[in-house]
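Only one structure is covered here, and it is reproduced in the block below.
Please treat every number below as a calculation from the coordinates, not as lab data. None of the values given here were measured: they were computed from a predicted structure. All Cβ positions, even for glycine, are placed from backbone atoms using ideal geometry, and neighbour counts span all protein chains on display.
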Amino acid sequence: MMLACKEIVKILSSSQQLKFRQKLELRAHLLMCKHCSAYAAQLKALADQLKRNYKELTRTEPERVRELEQKVLESLKNPDSSEKQ
């Protein structure tokens, strides 16, 4: 019995682990249903873009890292000066 589109959407939108048979049924459905296949592709594109955005937003420039390291080292050498800032 083939999975219904609603079940496919639920599976694709969750992070549940699928059994071997469920994976086969999912793959078969995606091969036959252009709507679910397009939905799966859109979800993948969205997830990939979110990962790229996260990496870009959390990237720290090496110069900024050195600057912060220097500030930490200075504050360790002069603990009183860190209270004034």
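Pull up the cross-link candidates among the lysines for Lys10, meaning alpha carbon to alpha carbon under 20 Å and not fewer than 8 places away within one chain. Qualifying lysines at Cα under 20 Å: Lys19, Lys23, Lys34, Lys44.
Judged by a Cβ-Cβ distance under 4.7 Å, the unpaired cysteines of the chain are Cys5. Counted residue by residue at 0.36 nm each, then reduced by the alpha carbon distance between them, the extension gain from Asn78 to Glu63 reaches 3.1 nm. In this label model, Tyr54 and Gln16 are separated by 2.3 nm, measuring between points 7 Å along each Cα→Cβ vector. Among the trypsin sites (Lys or Arg not before Pro) found in region 12-85, those both in a DSSP coil and sparsely packed, with 16 or fewer other Cβ atoms within 10 Å of their Cβ, are Lys19, Arg59. Across region 45-55, rounded Karplus estimates of 3J(HN,Hα) from the backbone phi angles (6.51 cos²θ - 1.76 cosθ + 1.60, θ = phi - 60°) give 4, 5, 4, 4, 5, 4, 5, 4, 4, 4, 4 Hz, Gly and Pro being marked x.
The HN-Hα couplings worked out from phi for region 8-25 by the Karplus form 6.51 cos²θ - 1.76 cosθ + 1.60 (θ = phi - 60°) are 5, 4, 4, 5, 5, 8, 10, 10, 5, 7, 9, 6, 3, 5, 5, 4, 5, 5 Hz, whole numbers, x standing for Gly and Pro. Specify which residue in the list Leu76, Met32, Tyr54 is farthest towards the positive end of the charge dipole of the chain, using unit charges on the beta carbon of Lys, Arg (+1) and Asp, Glu (-1), about the Cα centre. Towards the positive end, the residue furthest out is Met32.
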